[in-house]
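Notes for the one structure printed next.
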Amino acid sequence: MENEIVQFLLAHGYFIMFVLMIVEGPIVTLAATFLASLGYFSLPGVFFISLLGDICGDLFWYCLGRRYGMRFVCGPGRYIGMSESMVNRMRGFFRQYGGKTIFAVKSTTGLCLVTFVAAGVVRMDLRKFLLFSLLGGIVWSATLVGVGYVFGYLYEEIALYISWAGWIIAGLAIVFFVGINVHKKRQARIFLQSSKN
């Protein structure tokens, strides 16, 4: 899948990068940053598009929750781990720590989609939502861009001297990304299980 994404990025540039970042931001951001470190794209451009795509995705889920409310939660929301009791429990978090909740979820857990829908359902102030989504997005996108750039730089430098070492660097980048995703999904699963109790 990663090879196909890279080919799309090379062929279609920043526009397709933006669209893909709305759908699957982390993978595309790492791939695009890796290519930016090799000179295919502008690093600030990749960061900006990553941030913009990330916020557009957040806004989509927020608006879905705000428009359809509990109908979405009790319908399609069940397939992404949502429940009425979980949203009611999160309502308290949003009342006390709305902005902090959005910021923390963006940078630490795999609950982004669920949290953004819940924020819409409880009608969190849109300006506040966007502000903390932006702040959390800056941290998350900067982390991904930094990691992608470092691995891309190492790949370029080491591959000049040892041809097979580039594959090791690329492998380490994939392992790092998978590790982050596994950790975030584990945290999400723990939270979802506790919310059902």
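Trp61 meets the conditions (1) out of contact with any Ser or Thr (no Cβ under 7 Å at 6 or more places or on another chain); (2) at pLDDT 90 or above in every case but one. The failed one is (2). Looking at Thr108, is it hydroxyl-bearing (Ser, Thr, Tyr), under 19 Å from Val145 (Cα atoms) and modelled with pLDDT under 75? So Thr108 passes the test.
Flag: Gly98 does not match the condition of being of a type outside the set (Val, Ile, Thr), surrounded by fewer than 22 Cβ atoms within 10 Å (Cβ to Cβ), on the phi > 0 side of the Ramachandran plot and not in a loop (DSSP other than H, G, I, E, B).
If you go through the stretch 110-134 and pick out every residue that is without any contact (Cβ under 8 Å) to a residue 40 or more places away in the chain and either more than 16 Å from Gln96 (Cα to Cα) or among the basic types (Lys, Arg) (or both), you end up with 3.
Any residue at all in the stretch 43-66 that's among the basic types (Lys, Arg), surrounded by fewer than 17 Cβ atoms within 10 Å (Cβ to Cβ) and touching a residue at least 12 places away in the same chain (Cβ under 8 Å)? Among the residues of the stretch 43-66, not one is among the basic types (Lys, Arg), surrounded by fewer than 17 Cβ atoms within 10 Å (Cβ to Cβ) and touching a residue at least 12 places away in the same chain (Cβ under 8 Å), which makes the answer no.
Could you tell me whether Gly45 is farther than 28 Å from Val117 by Cβ and outside any helix (DSSP H, G or I)? When the stated conditions are applied, Gly45 does not pass them.
The values are calculated or read from the model by the stated rules, or taken from the named source; none is laboratory data. Predicted model only: the values in this text are computed from it and were never measured. Positions of Cβ are generated from backbone atoms using ideal geometry, with glycine treated the same way; all protein chains shown enter the neighbour counts.
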